[in-house]
Amino acid sequence: MLENRPDNMERINTPELAKAYIADQIEKIKAQVGDKKVLLALSGGVDSSVVAALLIKAIGKQLVCVHVNHGLLRKGEPEQVIKVFRDEMDANLIYVDAVDRFLDKLAGVTDPEQKRKIIGGEFIEVFAEEARKLDGIEFLAQGTIWPDILESEAGIKAHHNAGGLPDDMDFELVEPVRMLFKDEVRVVGKELGLPDNMVYRQPFPGPGLGVRCPGAITRDRLEAVRESDAILREEFAKNGLEGKVWQYFTVVPDFKSTGVKNGKRTFDWPCIIRAINTTDVMEVTVEHLSDELIDHLVNRIISEVPGINRVLFDYTPKPPATVEYE
Ligand code: XMP
């Protein structure tokens, strides 16, 4: 049932081509699934959101979406998933608040690889628990895209998004964007009526804000990352940089320095701003911001984010620095 991209497939770059792709996939999904139920882990990222919107069009409430809030999402993300999919598209959406569960497991864990393992492992567990509560699910939808297939064939990475589900959970896969490149997924998503800030979203790592809170994650420092990231995104959008700069985010490292506020000594964290451009993520250059924007960002972050008394800018390319801090 899983089709490969035909060699002669036209690049989907117009609304008309997207419409035709959507109509074709709806027919294929209906033929594959019949009257059975399909499960989807809906993160709110571009690929899973487009898969959800396609399946909702094709089979409505036969699709069960599970959105796991692991506490490491950006400000407003879980709310947007609920608004777009449950409220506007009338989807069958299960929202799982697993924030305490993840943060309790991560407490005191400093090793980056260990943090990633815990986040990935716990995600599979929460998702599998939700799946077991449901009756009659025979299919699992995934947001696999064509580069995932190419990379897994080349041995660069294992692409199975839900790889690692327990062996007894033997679902047939539904992968309606499998033949598409990322830019085509965006054109299809736009045609399906998804909001621009979902369709043109910058890359966001699976372990989320967890890798931007280096070392052991604490709730207060994680909140400082989330709030400063929200300010950065808001200011980039206002200043026409959203969609132009490849990736931009804040990091709050686990050390404190002295400062002064309202005549009193403070001892708080710094907030690091990183904004980068790239085409392949192997080599990365830094986006140079205007003096005016730098001043404005510093001002907003130190006055609005509790626990921050300094703002630093990371102007290091990759190599030698990676994009993320861990
Ligand atoms: P690095 O830090 O390796 O990042 O230069 C390159 C790109 O990959 C993203 N990234 C991740 N994405 N899971 C993901 O899904 C991860 O564990 C992960 N680590 C880094 C990073 O945001 C950047 O776009």
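The values are calculated or read from the model by the stated rules, or taken from the named source; none is laboratory data. Computed from a predicted structure; not experimentally measured. Ideal geometry is used to build each Cβ from the backbone, glycine not excepted, and the neighbour counts take in all protein chains shown.
Values computed for the structure shown
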item: Residue 276 vs. criteria more than 27 Å from residue 186 (Cβ to Cβ), within 15 Å of the ligand (Cβ to nearest atom) and in contact with an Asp or Glu (Cβ under 9 Å, 6 or more places away or on another chain); result: no
item: Cβ pairs under 9 Å, 6+ apart, first in the range 305-323 and more than 24 Å from residue 223 (Cα to Cα), second within 16 Å of the ligand (Cβ to nearest atom) and assigned to a loop (DSSP other than H, G, I, E, B); result: 317/283; 318/278; 318/281; 318/282; 318/283; 319/282; 319/283; 321/314
item: Inter-residue pairs, beta-carbon under 6 Å, first without any contact (Cβ under 8 Å) to a residue 24 or more places away in the chain and in the range 249-268, second of a type outside the set (Asp, Glu) and surrounded by 15 or more Cβ atoms within 10 Å (Cβ to Cβ), 6+ apart; result: 256/269
item: Test: residue 228 is within 16 Å of the ligand (Cβ to nearest atom) and of a type in the set (Ser, Thr, Tyr); result: no
item: Residue, nearest to residue 96 (Cα to Cα), within the range 1-40, restricted to residues that are of a type in the set (D, E, K, R) and assigned to a helix (DSSP H, G or I); result: 30
item: Every residue from the range 258-312 that is assigned to a loop (DSSP other than H, G, I, E, B) and β-branched (Val, Ile, Thr); result: 278, 279, 281, 305
item: Total residues in the range 219-242, condition without any contact (Cβ under 8 Å) to a residue 24 or more places away in the chain and either under 16 Å from residue 118 (Cβ atoms) or not in a helix (DSSP H, G or I) (or both); result: 1
item: Test for residue 54: is it touching a strand residue (DSSP E or B) at 6+ places or on another chain (Cβ under 8 Å), under 25 Å from residue 19 (Cβ atoms) and buried (at least 17 other Cβ atoms within 10 Å of the Cβ); result: no
item: The listed residue being on the phi < 0 side of the Ramachandran plot, of a type in the set (Phe, Trp, Tyr) and surrounded by 20 or more Cβ atoms within 10 Å (Cβ to Cβ), out of 249, 267; result: 249
item: Residue in the range 202-224 that is within 14 Å of the ligand (Cβ to nearest atom), at pLDDT 95 or above, over 22 Å from the mean Cα position of the chain (by Cα) and over 30 Å from residue 50 (Cα atoms) present; result: no
